[in-house]
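Single-structure report; data block below.
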Amino acid sequence: MTTATLDKDALKQKYAEERDKRLRADGNDQYQRLEGKFEDLAADPYTPWQERDPVKDHVTFAFIGGGFSGLVVGARLKQAGVDSVRIIEKGGDFGGTWYWNRYPGAQCDTAAMIYLPLLEETGHMPSQKYVYAPEIRGHCGNIGKQFDLYDDALFHTEVTDLEWQEDSARWLIKTSRGDAFTAKYVGMGTGPLHVAKLPGIDGVETFTGKSFHTSRWDYAYTGGTPDGEPMDKLKDKRVAIIGTGATAVQCVPHLAKAAKELLVFQRTPSSVDVRDNQAIDPHWFESIATPGWQQRWFDNFVDNQSQGFPEEDYVMDGWTELSRRIREKVRQMPAEKWTPEGMLQAFEDADFEKMEEIRRRCNDVVDDQDTAEKLKAWYRQLCKRPCFHDEYLQAFNEPGARLIHTDGQGVEKITETGLVANGEHYEVDCIVYASGFEVGSDYTARAGFDLSGRDGVKLSEAWEDGMQTLHGLNVHGFPNAFIVQPSQAANLISNVPHNIVDHANTISAIVSHCEREGLQTVEPDAAAQKAWVDLVLSGQGMLIGNTECTPGYYNNEGAGLTDKNRHQLGHPGGARAFFQHIAAWRDKGTYDGLTFT
Ligand code: NDP
């Protein structure tokens, strides 16, 4: 199918109609946290709680969050000779999102060769092109062991307070376990998707059957294991799952096979493209894994998503495919159309074609054509998180699986015994909430703590009008503090670990410089920070924040970017431009824009 044979105006009209059905006045407020009356749903089902005495000592570097960010920063610091590194983590072990998300079928959609950090350092060869959660969690544990990060780690511990002590030039860190210790430097990598949310549907608390969020999977109830053992305890159960995002796409096939009956409540269909997973051949891996290989793969993936014309595509996946298609369109265009508008047109045409293929896949794979029609996504591919799976659409061919399409309206009500949608009541034994994680909220609200910097100024105050950083990493007024997150930096959402490894390299360079030179503090100067934020704000966010898209966390539930969350864009030149800028900045060794004492 080519755009020449597509009725683009009709498609645009359909996209707009489908979006309009889903717009809601309550936006992000439609969700609720696993707090208060839902607190039990937040409990850690995976690791027993262990009593310990409060910690009251001093470390060189304290890092909040034991996911990829904490592990990679910890590893880089250890490599640089900083021995005293303490990671504080609310889960019972390292892994971050991969600690919590153990639902059946959990897998990473980004190719393991670029997704798993520190592959060269650990010597780990991913087993498959796209690896499953247990392998990722195992990799996290191995990094922790290899770089001696376990000894000083505090698990099942939440930071409640971080305060800069001007006299001693140290941070005072307090936690939920009564700890009160100091650190010369602090790092924060609390992750973008760590606060699970429930839909704010009337009656959630009245349901008397079993219910849980996908990030707290209750294998004691379902049977089975995260390693893929079948969930044998569901064979006489009627199960409902709410949500059809990236998580549901991965666990629905397993539920459909295990449960007596599975009802999938859909508000907005996901686009589900081909997965085509393959085992990694050790001979091939050996041939490419020469020194510096992972950085070359990182760079190649980014180059393939930028507007350059790289000769090779190492990763060859769904993320780079769209870019390949756009480039092909551009190649076919006459030179006079190589304008910004021409590029946007090529992007739009490639997208229409791709989405038509994805929609047609529903008809090809799903036996019941009425269900197939309802599984079709009517928006541009990057409006919502693209999904890739070879068993999700197929799951609707299982005899017990049924799609409850709510035509954009969602589940209306939850009762003691089930759910109401489209005016009909469905009795179930179990409700699985695949309703995602908080995204649009303020950083400090999501982190669960607020930093008090110089003169007692809170980070929430410093960012009242939006995030202010140099390179997305350091904040004026908050000495010796590093925030590992992608905004105001590369913002490479298709491969979050690349952002993390790069920030870890910068942190390690800055801290090494301070330690080598006997410096006490490091902080961006106000002018350099302002210039950086101005640069970020001069750019566009591509489809992020686009109100033409169907509502979701990519566009602030349809509300688009506010002045405040516009500050969370990336470098205006894209990820590649940021990575090039920061590599040159590090190599120069003068750390322009930072003030040291
Ligand atoms: P999402 O936020 O993507 O999806 C939540 C789902 O719940 C949506 O389908 C939403 O519908 C639905 N929903 C919310 N309220 C209601 C309601 N009242 N009635 C019916 N449905 C409702 O969460 P996920 O956990 O699926 O994914 C979160 C993110 O985690 C992904 O976007 C991705 O970034 C990441 N992830 C990454 C993976 C990887 O491979 N690396 C794998 C899995 C997840 P609607 O769309 O209409 O809002």
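Yes/no per residue for (1) free of Cβ contacts under 8 Å to residues at least 24 places away in the same chain; (2) within 15 Å of the ligand (Cβ to nearest atom):
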{"site": "CYS362", "(1), (2)": "no, no"}
{"site": "GLN381", "(1), (2)": "no, yes"}
{"site": "ALA401", "(1), (2)": "no, no"}
{"site": "HIS405", "(1), (2)": "no, yes"}
{"site": "LYS413", "(1), (2)": "no, yes"}
{"site": "LEU419", "(1), (2)": "no, yes"}
{"site": "GLU424", "(1), (2)": "yes, yes"}
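Condition check ((1) over 17 Å from LEU34 (Cα atoms); (2) assigned to a helix (DSSP H, G or I); (3) open to solvent by less than 10 Å² (accessible area, probe 1.4 Å); (4) within 16 Å of the ligand (Cβ to nearest atom)) across all residues:
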| position | (1), (2), (3), (4) |
| --- | --- |
| GLY178 | yes, no, no, no |
| ALA183 | yes, no, yes, no |
| LEU193 | no, no, no, yes |
| GLU205 | no, yes, no, yes |
| TYR221 | yes, yes, no, no |
| GLY224 | yes, no, no, no |
| GLU229 | yes, no, no, no |
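Can you list residue pairs whose Cβ atoms sit under 6 Å apart, with the first residue in the range 232-258 being farther than 20 Å from PRO199 by Cα and the second being within 11 Å of the ligand (Cβ to nearest atom) and open to solvent by less than 20 Å² (accessible area, probe 1.4 Å)? Count only pairs 6 or more apart in sequence or on different chains.
Pairs that qualify, where the first residue is farther than 20 Å from PRO199 by Cα and the partner is within 11 Å of the ligand (Cβ to nearest atom) and open to solvent by less than 20 Å² (accessible area, probe 1.4 Å), are HIS254/GLY105.
Please determine whether any residue of the range 6-25 is touching a residue at least 60 places away in the same chain (Cβ under 8 Å), open to solvent by less than 40 Å² (accessible area, probe 1.4 Å), part of a helix (DSSP H, G or I) and of a type in the set (A, V, I, L, M, F, W, C).
Yes, because at least one residue in the range 6-25 is touching a residue at least 60 places away in the same chain (Cβ under 8 Å), open to solvent by less than 40 Å² (accessible area, probe 1.4 Å), part of a helix (DSSP H, G or I) and of a type in the set (A, V, I, L, M, F, W, C).
What residue, among those in the range 81-104 that are in a loop (DSSP other than H, G, I, E, B) and open to solvent by 30 Å² or more (accessible area, probe 1.4 Å), is nearest to the ligand (Cβ to nearest atom)? It would help to see each step written out before you state the result.
As a first pass, look at the range 81-104 and keep what is in a loop (DSSP other than H, G, I, E, B): 81-84, 89-96, 101-104.
Going one step further and asking which of them are open to solvent by 30 Å² or more (accessible area, probe 1.4 Å), we end up with 81, 83-84, 90, 93, 102.
Details: GLY81: 33, ASP83: 33, SER84: 32, LYS90: 18, ASP93: 19, ARG102: 12 Å.
Among residues in the range 81-104 that are in a loop (DSSP other than H, G, I, E, B) and open to solvent by 30 Å² or more (accessible area, probe 1.4 Å), the one nearest to the ligand (Cβ to nearest atom) is ARG102.
Suppose the filter is within 15 Å of the ligand (Cβ to nearest atom) and within 23 Å of the chain's Cα centre (by Cα); does ALA112 pass it? Can you show your working first?
Numbers: within 15 Å of the ligand (Cβ to nearest atom): yes; within 23 Å of the chain's Cα centre (by Cα): yes.
So ALA112 fits the description; yes.
Among the listed residues VAL536, VAL511, VAL522, identify the single one that is within 24 Å of the chain's Cα centre (by Cα) and aliphatic (A, V, I, L, M). Outline the logic, then answer.
On the way: VAL511 fails: within 24 Å of the chain's Cα centre (by Cα); VAL522 fails: within 24 Å of the chain's Cα centre (by Cα).
Just one listed residue meets the conditions, VAL536.
I need the full set of residues from the range 239-259 which are crowded, with 24+ Cβ neighbours inside 10 Å, within 20 Å of GLY408 (Cβ to Cβ) and not β-branched (Val, Ile, Thr), in order please.
Scanning the range 239-259 gives ALA240, GLY243, ALA248.
Across the range 207-219, what is the total count of residues that are open to solvent by less than 40 Å² (accessible area, probe 1.4 Å) and within 13 Å of ILE431 (Cα to Cα)? Break it down stepwise before answering.
The initial filter retains those residues of the range 207-219 that are open to solvent by less than 40 Å² (accessible area, probe 1.4 Å), namely 207, 209, 211-219.
This time we only want the ones that are within 13 Å of ILE431 (Cα to Cα), so: 207, 209, 211-214, 216-218.
Selection size over the range 207-219: 9.
Let's see how each residue does on (1) at pLDDT 95 or above; (2) assigned to a helix (DSSP H, G or I); (3) in contact with a Gly (Cβ under 6 Å, 6 or more places away or on another chain):
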| site | (1), (2), (3) |
| --- | --- |
| LYS233 | yes, yes, yes |
| ASP236 | yes, no, no |
| VAL239 | yes, no, no |
| THR244 | yes, no, no |
| ALA248 | yes, yes, no |
| VAL252 | yes, yes, no |
| LEU255 | yes, yes, no |
| PHE265 | yes, no, no |
| THR268 | yes, no, no |
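Could we say that ARG385 is of a type in the set (Lys, Arg) and away from the ligand (no atom under 16 Å from the Cβ) here?
Details: of a type in the set (Lys, Arg): yes; away from the ligand (no atom under 16 Å from the Cβ): no.
In short, no.
Which condition number in (1) open to solvent by 40 Å² or more (accessible area, probe 1.4 Å); (2) of a type outside the set (Ser, Thr, Tyr); (3) within 14 Å of the ligand (Cβ to nearest atom); (4) over 25 Å from ASP281 (Cβ atoms) is the one that ASP152 fails?
(3)
What tally of residues in the range 382-439 results from selecting those that are over 30 Å from GLU548 (Cβ atoms) and β-branched (Val, Ile, Thr)?
Qualifying residue count for the region: 7.
Which members of the range 549-597 meet the condition of being hydroxyl-bearing (Ser, Thr, Tyr), open to solvent by 50 Å² or more (accessible area, probe 1.4 Å) and modelled with pLDDT of 95 or more? Before you say what the answer is, go through the steps one by one.
Quick first cut of the range 549-597, residues hydroxyl-bearing (Ser, Thr, Tyr) only: 550, 553-554, 562, 590-591, 595, 597.
Checking the rest, the ones that are also open to solvent by 50 Å² or more (accessible area, probe 1.4 Å) come to 553, 562, 590, 595, 597.
Answer for the range 549-597, where residues must be hydroxyl-bearing (Ser, Thr, Tyr), open to solvent by 50 Å² or more (accessible area, probe 1.4 Å) and modelled with pLDDT of 95 or more: THR590, THR595, THR597.
Just checking: which of the helices (runs of 4 or more DSSP H) contained wholly in the range 377-475 hold 3 or more residues that are open to solvent by less than 10 Å² (accessible area, probe 1.4 Å)? Quick ask: steps written out before the conclusion?
Details: elements: 392-395, 443-447, 459-462.
Per the criteria, 392-395.
Give the residue that is farthest from the ligand (Cβ to nearest atom), with candidates limited to residues of the range 428-446 that are of a type in the set (Ser, Thr, Tyr) and in contact with a His (Cβ under 8 Å, 6 or more places away or on another chain).
Within the range 428-446, the subset of a type in the set (Ser, Thr, Tyr) is 433, 435, 441, 443-444.
Adding the requirement that they be in contact with a His (Cβ under 8 Å, 6 or more places away or on another chain) leaves 433, 435.
Working: TYR433: 8, SER435: 4 Å.
Across the range 428-446, the extreme among qualifying residues is TYR433.
The values are calculated or read from the model by the stated rules, or taken from the named source; none is laboratory data. On a predicted model such as this, the values are computed, not experimentally measured, just so you know. Cβ sites come from the backbone with ideal geometry, for glycine too, and all protein chains shown count toward neighbours. Remember, those area values only see protein heavy atoms, side chains included, never the ligands or the DNA or RNA. Shrake-Rupley method; radii C 1.70, N 1.55, O 1.52, S 1.80 Å.
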